[in-house]
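**Student:** Sharing a structure, written as structure tokens. Questions coming.
What follows is calculated from the coordinates using simple rules that are stated; it is not laboratory data. This is a predicted model, so every value here is computed, not measured. Please note: Cβ atoms are built from the backbone with ideal geometry, for glycine as well, and neighbour counts cover all protein chains shown.
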Ligand code: PAF
């Protein structure tokens, strides 16, 4: 496994492997890797001859007052995890390497980026879409592997890849969870062990939402949303729900009456657990009853 810090070297390496006919897979990360990232790397390993993991805490996707400065970083630990997962190259640039000069270009996926997470984190998805475009141009992968936990990020990037005819396939892999159901995230490191137990309620109310829709056949999503919020405030009063929304998985349009909806549903949520902001979701197929 090699660590590459310069953009031009990474581009030359990717060019070389593309010329030899090797498939390249990219697992983009912000480091402080966990089992969720390992599963992405193993999935990439199965599909491609060359696996690149990028580790870059991207400043442009953090808003003012967010955790860019304190985002956990441990390159040595990360590099061991990558090596064990069979990664060939870690792309590990400095901020000055990624954002040198006076860049005047950014990628915005309109409409979808302003909803849900976007309404709490304005500009976040422009930062994500721009850095991912840069990473795709630097590593030139055939596939990019991302986790299902960031459902809106996946919808935004899928639309960007399609709208801009980018020749890379987005592969979405399942969310990896702790034994209690809490979705794995580098930010879980901010939680105390009590908060980790409490935060398990978040996955519980997602599963409850799915159960109310698929088993109780409730089609008015306002009923599902208010029942889920009630369960959370009774079981975990210290967790503040920011949103719990039921949408389609194409443009994240809210669905009010499920009786008329067929397709993939996403129930997504964000919540504050102390000072830590957590997100999670559940995705499933639904067939209209009419
Ligand atoms: O999901 C993440 O870790 C980041 O948003 C990504 C895709 C690596 C872009 O910085």
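**Student:** Counting DSSP beta bridges in the chain, what percent are antiparallel, to the nearest 5?
**Tutor:** Bridges in the chain are about 55 percent antiparallel.
**Student:** Let me ask another. Could you work out how much longer the chain between residue 105 and residue 222 gets when fully extended? Use 0.36 nm per residue separation minus the Cα distance between them, nm to one decimal.
**Tutor:** 38.1 nm
**Student:** Which value results when the Cα radius of gyration for region 136-290 is divided by 2.2 N^0.38 Å?
**Tutor:** 1.12
**Student:** Work out, in µm²/s and without decimals, the Stokes-Einstein translational diffusion coefficient of region 87-226 at 25 °C, 0.890 mPa s, Rh from Kirkwood over C-alpha pairs.
**Tutor:** Once the numbers are plugged in, D ends up at 137 µm²/s.
**Student:** For residue 230 and residue 197, compute 0.36 nm times the residue count separating them, minus their Cα-Cα distance, and round to one decimal in nm.
**Tutor:** 10.0 nm
**Student:** Packing-wise, with mean Cβ within 10 Å as the measure, how do 67-77, 197-207 rank, highest first?
**Tutor:** Packing order, densest peptide first, comes out as 197-207, 67-77.
**Student:** May I pose another question? So how long is each side of the chain along the principal axes, counting just the alpha-carbon atoms, biggest first, in Å?
**Tutor:** Taking the Cα atoms of the chain, the three principal extents are 55, 43, 38 Å.
**Student:** Among 273, 173, which comes first, second and so on when ranked by fewest other beta-carbon atoms within 10 Å?
**Tutor:** Arranged by neighbour count, lowest to highest, 273, 173 become 173, 273.
**Student:** Ranked highest first by the average count of other Cβ atoms within 10 Å around their residues, in what order do 226-236, 88-98 fall?
**Tutor:** Values: 226-236: 15.5, 88-98: 17.7.
Taking the mean over residues of other Cβ atoms within 10 Å, the ranking is 88-98, 226-236.
**Student:** May I pose another question? Once both axes come from the Cα atoms, what is the angle between helix 124-139 and the longest principal axis of the chain, in degrees from 0 to 90, rounded to 10?
**Tutor:** 30
**Student:** Could you work out the helix-only [θ] at 222 nm for the chain, with each DSSP H run of four or more residues adding -39,500 (n - 2.57) and the total divided by the number of residues, to the nearest 500 deg cm²/dmol? It would help to have the intermediate numbers written out before the result.
**Tutor:** Values: 10 runs with 109 residues, N = 290.
Here the helix-only value at 222 nm equals -11500 deg cm²/dmol.
**Student:** Further question: In cubic angstrom, how much convex hull volume per residue do the alpha carbon atoms of region 27-175 span?
**Tutor:** Measuring per residue, one finds 113 Å³ for the Cα hull of region 27-175.
**Student:** If you don't mind, there's one more thing I want to ask. Would you look at the GNM of the chain, springs on alpha carbons closer than 10 Å, and say which of 20, 126, 53 moves the most?
**Tutor:** 20
**Student:** Let me ask something else. With axes computed from alpha carbons, what is the tilt in degrees of helix 35-47 against the longest principal axis of the chain, rounded to the nearest 10 within 0 to 90?
**Tutor:** 60
**Student:** Another question about this same structure. I want to verify a result. In a Gaussian network model of the chain, Cα cutoff 10 Å, which of these has the top mean-square fluctuation: 102, 222, 180?
**Tutor:** 102
**Student:** Could you compute how fast region 1-87 diffuses translationally, taking Rh as the Kirkwood radius over C-alpha pairs and applying Stokes-Einstein at 10 °C with viscosity 1.306 mPa s? Give it in µm² per second.
**Tutor:** Estimated diffusion coefficient is 113 µm²/s.
**Student:** Given region 198-259, what whole percent of its Cα pairs are spread farther than 18 Å?
**Tutor:** 34
**Student:** Write down Rg/Rh for region 43-130, rounded to two decimals, with Rg from the C-alpha atoms and Rh from the Kirkwood relation over Cα pairs. Display every interim value, and only then the final one.
**Tutor:** Working: Rg = 15.7 Å, Rh = 15.3 Å.
That ratio equals 1.02.
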